[in-house]
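Beneath this line is the structure, given in structure tokens, with notes to follow.
The values are calculated or read from the model by the stated rules, or taken from the named source; none is laboratory data. The shown structure was predicted, so the numbers you read here are calculated from the model rather than taken from an experiment. Because the Cβ atoms are built from the backbone with ideal geometry, glycine has one as well, and the counts that use them run over all protein chains shown. Just so you know, the surface numbers come from the protein's heavy atoms only, side chains and all, with ligands and any DNA or RNA stripped out. Shrake-Rupley method; radii C 1.70, N 1.55, O 1.52, S 1.80 Å.
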Amino acid sequence: MAAIESFVFQVSEIKFAKDGFHIIRTTQGASVSGKFAAREGHCYKAEGQWETHPTYGPQYKLSSAVSVRMTSPDALGRFL
């Protein structure tokens with residue numbers, strides 16, 4: 001079983017959304033899936049595991065996520 005890891009990311013694009021479950025692409029190019037209130041441009045700190053989906057490849061499957069403030073100039077620039 002994979003270890004629980006923290007992952008901080010910014011949502012670049014929402015690929016799928018249904019009943020609170022989202023699959024998103026981050027600004028770093030990673031895929032994240034799980035139940036959270038995803039909004040494009042927003043940053044999150046999540047707890048979860050990296051897994052390899054048989055069709056879609058590496059994904060971070062989150063078990064919890066909280067919205068965090070953007071503090072870096074790069075993150076703020078991407079948001080605006």
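Take the residues in the range 1-23 that are β-branched (V, I, T) and closer than 13 Å to A46 by Cα; name whichever of them is most open to solvent (accessible area, probe 1.4 Å). Looking at residues that are β-branched (V, I, T) and closer than 13 Å to A46 by Cα, I get I4. When only residues in the range 55-80 that are of a type in the set (A, V, I, L, M, F, W, C) and either modelled with pLDDT under 95 or over 10 Å from the mean Cα position of the chain (by Cα) (or both) count, which is least open to solvent (accessible area, probe 1.4 Å)? In this case the residue turns out to be A75. Cβ contacts < 6 Å: first residue over 13 Å from R25 (Cβ atoms), restricted to the range 36-63; second residue among the hydrophobic types (A, V, I, L, M, F, W, C) and exposed (fewer than 14 other Cβ atoms within 10 Å of the Cβ), any location; separation 6+ or different chain. Result? Short answer, once both residue conditions are applied: K45/V8; K45/V66; E47/I4; Q49/A2.
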